[in-house]
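Here's the structure we're looking at; comments come further down.
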Amino acid sequence: MQKYKIAVVQMSVVDNKFENIKKAKDMIKKAAENGANLVVLPEIFNSPYSNSCFPVYAEKFPGETSMEMMAIAKEYSIILVAGSIPERDGNKIFNTSYIYNEFGELIGRHRKVHLFDINIKDGQYFKESEVLTAGDNFTIVETSVGKIGIGICYDVRFPEYFRILSEMGAELILLPAAFNMTTGPAHWEISLRMRAVDNQVYIAAAAPARDEEQSYISYANSMIVDPWGKVLENAGINENIIYSFIDRKKISEVREQLPLIKHRRKDLYELKAINLSDK
């Protein structure tokens, strides 16, 4: 498919798994009925974003949340990147995104590689590593609309992760995320736009809607950015669904006009890295 429609869901999240799943399904249904071929949900969409909640809401795969997401992807024949949820695997909990195809089949799973551990003076304090375990894979999935890369929130701060996804063939990189009110105003938009520009890909980032009553307040502002770094859509702060067309032809046009990937001196960078590691 040369051109397809993406929907980015910015939903409110409450302290009730049943209500969160129901809200996600309702918004997925609306997106599909509006012609979306691909739908993206926010980070930790079935649970409040809290270390105290992660173990309570965590599920082994396939769990209640995953089964519902499989079913709705199949019902509406959409590709679904089901945000992320706390995933229990043995005695570990991961921040995990599941990706389903139009038949409701699991085609990929991304465990957040870079855990959100920050302590900003007079700002945000949060340490996912107190509860969560980091993943260790680069995640790219083959779909009917092309290769799609997946990251989760804090992953966006590591350009090398996105570079490798683009070199693996990703034309679109999806980022379920939940930036906060300290880092969001400073770094959210510029990070998304630069990852798009650096790698000449589309970037779509899905965040929870803003709720000032929550202990962790999402910056919201879900976005879709094109390979030239232009913000195509911004969801603002309230519950919303934003849409855009992903034009694969535009990716090739940008890469032909500004051949960054072709001219990247991979041999030089790898040699430099080896030399530095020996010191």
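The values are calculated or read from the model by the stated rules, or taken from the named source; none is laboratory data. Small disclaimer: the values here were computed from a predicted structure and weren't measured. Heads up, the Cβs are rebuilt from the backbone with ideal geometry, glycines too, and the neighbour counts pull from every protein chain shown. When the accessible area is computed, the model is the full protein with side chains, heavy atoms only, and any ligands, DNA or RNA have been set aside. Shrake-Rupley method; radii C 1.70, N 1.55, O 1.52, S 1.80 Å.
Condition check ((1) at pLDDT 95 or above; (2) hydroxyl-bearing (Ser, Thr, Tyr)) across all residues:
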| position | (1), (2) |
| --- | --- |
| Lys29 | yes, no |
| Tyr49 | no, yes |
| Thr65 | yes, yes |
| Lys74 | yes, no |
| Gly90 | yes, no |
| Leu115 | no, no |
| Ile118 | no, no |
| Glu128 | no, no |
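Any residue in region 36-47 that's under 20 Å from Ile148 (Cα atoms): show its pairings with residues that are assigned to a loop (DSSP other than H, G, I, E, B) and open to solvent by 10 Å² or more (accessible area, probe 1.4 Å) at Cβ separation under 6 Å, as long as the two are six or more apart or on different chains.
Partner pairs satisfying both residue conditions: Pro42/Pro208.
Please give the number of the condition Asn240 fails out of (1) among the polar types (S, T, N, Q); (2) open to solvent by less than 40 Å² (accessible area, probe 1.4 Å); (3) under 20 Å from Ser84 (Cβ atoms).
For Asn240, the exception is condition (2).
Can you name the condition, by its number, that Pro208 falls short on among (1) in contact (Cβ under 8 Å) with a residue 60 or more places away in the chain; (2) open to solvent by 20 Å² or more (accessible area, probe 1.4 Å); (3) closer than 24 Å to Ile21 by Cα?
Status for Pro208: all satisfied but (2).
Checking the conditions here, which among Leu192, Leu232, Leu175, Leu165 is more than 23 Å from Ile107 (Cβ to Cβ) and open to solvent by less than 20 Å² (accessible area, probe 1.4 Å)?
Leu192
What is the number of the single condition among (1) open to solvent by 10 Å² or more (accessible area, probe 1.4 Å); (2) touching a residue at least 24 places away in the same chain (Cβ under 8 Å); (3) within 19 Å of Ala220 (Cα to Cα) that Ala186 does not meet?
Here Ala186 meets the rest and fails (2).
Please go through region 104-151 and give me each residue that is of a type in the set (Lys, Arg) and within 14 Å of the chain's Cα centre (by Cα), ordered by number.
Answer for region 104-151, where residues must be of a type in the set (Lys, Arg) and within 14 Å of the chain's Cα centre (by Cα): Arg109, Arg111, Lys112.
Within region 102-130, count every residue that is in a strand (DSSP E or B) and in contact (Cβ under 8 Å) with a residue 24 or more places away in the chain.
Here the count works out to 9.
Given the conditions (1) among the polar types (S, T, N, Q); (2) more than 23 Å from Phe179 (Cβ to Cβ); (3) surrounded by 19 or more Cβ atoms within 10 Å (Cβ to Cβ), and given that Asn34 satisfies all but one, which numbered condition is not satisfied?
Here Asn34 clears every test but (3).
Looking only at helices (runs of 4 or more DSSP H) that lie completely in region 1-94, which have at least 3 residues being aromatic (Phe, Trp, Tyr) and closer than 25 Å to Met223 by Cβ?
none
Consider region 1-27. How many of its residues are closer than 24 Å to Asn180 by Cα and either touching a residue at least 12 places away in the same chain (Cβ under 8 Å) or of a type in the set (A, V, I, L, M) (or both)?
15
When region 1-60 is examined, which residues are found to be within 13 Å of Ser84 (Cβ to Cβ) and of a type in the set (D, E, K, R)?
Across region 1-60, the qualifying residues are Glu43, Glu59.
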